Amino acid sequence: MVRQFLESLQVYLDRRVITILLLGFSSGLPLALTGTTLSLWLREEGITLTSIGLFANVATPYALKFIWSPLVDKMPIPLFSRFLGRRRGWLIFTQICLILSILGLGASNPNISIEMTALFAFLVAFSSASQDIVIDAYRVEISDEKTMAAGAAAIVFGYRIGMLASGAGALYLASSVSWQMTYSIMAGLIFIGILTVLFNREPEKAGAPEPQENMVGASALEKAGYWLKEAVYDPLAEFFKRPGWVPILLFVMLYKFGDSLAGVMSTPFFYDLGFTKIELANVSKIYGTAATFIGLALGGWLMAATGLYRTLWICGFLQLGSNLMFAGQAMAGNDIVFLAATVGIENLAGGMGTAAFVAYLSSLCNISYTATQYALLSSFMATARIWFSSPGGFLAEQTGWITFFILTTLAAVPGLVLLWWLTRKSSETRPEEARASAN
């Protein structure tokens, strides 16, 4: 038994799995550089909470990347693809764009031109989202049945390590060197992804996609129209024919609204309480990431033990309660023990809620349009979360931290009200094939 277990672990030494791990690192690295790390830098520079909150909008490309993913998937990038192939060409191109945009972000001065800082932050997010499109395709194309599961685990692990590097790692660096130097070092870490691509071959499966049989000889405009109908219109039309689609979309928007509203301002809040970069790196980043992993695992176990809707209820109340911990932190002030409790409970509840929510989104997908409907629903959720949470800085500035976090707690209530309605109507709001199998 032990021998079989050890032999099964050897798949993680496969060159393809190691490649996916390193590309996962390259994928996760840019995220905090336009998120929590950037918000701390901005607050340290004296930027207002209102402006910091609005910076949440630069993450919009992550939510809308499905719009230009067909272009990245099918079109070769000039010059790069000629020498490297379609997938590797796009990877190198997006990674060069990432290096340049991260260097530009680090060289910008928020006090002189906040608009320039915002522009480079948006370019980092756009380049990163585009890189993610190619990495997802590359991962699938170099994997076989033996390495597919290990590759999926490797991409998540690498992604989280990349986030830690640009989160905790960047805060460690910024406590000793300037923010400009910190961002320059982060840009240099992108070379890990570039070297990974250069030391690997173009996937054999990455040839040009075969045209649809009924599209042979059609014009480019007709092919584009057919693609839009098949990829966007048909999945949406099927979804909008279902009973209760309006409450479903409202729930998708609002279930994690309070959690997101509090989360977007958490780093400036901790900074205002006087916690150091090292303390935030240790507690908020490293310890918080561990709590998130535990929350994801607990969420999956809870669904298996109690069912999807009960788990959504439990996680919904846990997320609501975790926001009250921030209000308690505001009253406790610079208390590192209370900070550990606040971060631990918030990340644990958030991880559990994410596991349940992803499962719920998956349950909404018609088997005929699974990939497209899930992409559209998750993008809709992410876009709403980003846009709705961006006024958080203005709200915190006008009310103060204690009142702000009490309001974020109340912001979780509409999602629970919608959950009550959906729980009663659950059998009516699922796809047709799910209802048929249940009857």
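Tabulated results
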| item | result |
| --- | --- |
| Residue within the stretch 293-303 that is farther than 27 Å from F380 by Cβ and in contact with a Ser or Thr (Cβ under 8 Å, 6 or more places away or on another chain) present | no |
| Any pair with Cβ under 7 angstrom, 6 or more apart, that starts in the stretch 342-357 at a residue that is closer than 23 Å to N282 by Cβ and ends at one that is among the β-branched types (V, I, T) | V343/V283; N347/T292; L348/I294; G350/T292; G351/T292; G351/I294 |
| Selection count where residues are open to solvent by less than 10 Å² (accessible area, probe 1.4 Å) and over 16 Å from I99 (Cα atoms), scope the stretch 154-173 | 5 |
| Unique match (being surrounded by fewer than 22 Cβ atoms within 10 Å (Cβ to Cβ) and part of a helix (DSSP H, G or I)) among A349, A384 | A384 |
| Filter result (out of contact with any Asp or Glu (no Cβ under 9 Å at 6 or more places or on another chain), within 15 Å of G274 (Cβ to Cβ) and surrounded by 23 or more Cβ atoms within 10 Å (Cβ to Cβ)) within the stretch 304-342 | T342 |
| Residue tally, condition open to solvent by 30 Å² or more (accessible area, probe 1.4 Å) and part of a loop (DSSP other than H, G, I, E, B), over the stretch 14-34 | 1 |
| Qualifying positions in the stretch 345-381 - within 22 Å of V58 (Cβ to Cβ) and modelled with pLDDT under 80 | A375, L376, S378, S379, F380, M381 |
| Hey, M325 of a type outside the set (K, R), closer than 30 Å to I47 by Cα and in a helix (DSSP H, G or I) or not | yes |
| Residue among E204, E238 that alone is acidic (D, E) and modelled with pLDDT under 75 | E204 |
| Candidates P110, P78 - the one that is modelled with pLDDT under 90 and not polar (S, T, N, Q) | P78 |
| Residue selected from the stretch 71-114 under the condition small (G, A, S) and assigned to a helix (DSSP H, G or I), by the criterion farthest from T196 (Cα to Cα) | A107 |
| Residues located in the stretch 175-187, provided they are among the small types (G, A, S) and open to solvent by 10 Å² or more (accessible area, probe 1.4 Å) | S175, S176, S178, S184 |
| Yes/no for L273 being in contact (Cβ under 8 Å) with a residue 40 or more places away in the chain and surrounded by fewer than 24 Cβ atoms within 10 Å (Cβ to Cβ) | yes |
| Any hit, the stretch 248-260, residues being modelled with pLDDT under 90, in a helix (DSSP H, G or I) and open to solvent by 50 Å² or more (accessible area, probe 1.4 Å) | yes |
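This table checks each residue for (1) modelled with pLDDT under 85; (2) surrounded by fewer than 19 Cβ atoms within 10 Å (Cβ to Cβ).
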position	(1), (2)
Q4	yes, yes
Y12	yes, yes
L38	no, no
S51	no, yes
P61	no, no
K74	yes, yes
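The values are calculated or read from the model by the stated rules, or taken from the named source; none is laboratory data. All figures in this text were calculated on a predicted structure; none of them were measured in a lab. Cβ atoms come from the backbone with ideal geometry, glycine included; neighbour counts cover every protein chain shown. Note: accessible area is taken over every heavy atom of the protein model, side chains too, but ligands, DNA and RNA are not part of it. Shrake-Rupley method; radii C 1.70, N 1.55, O 1.52, S 1.80 Å.
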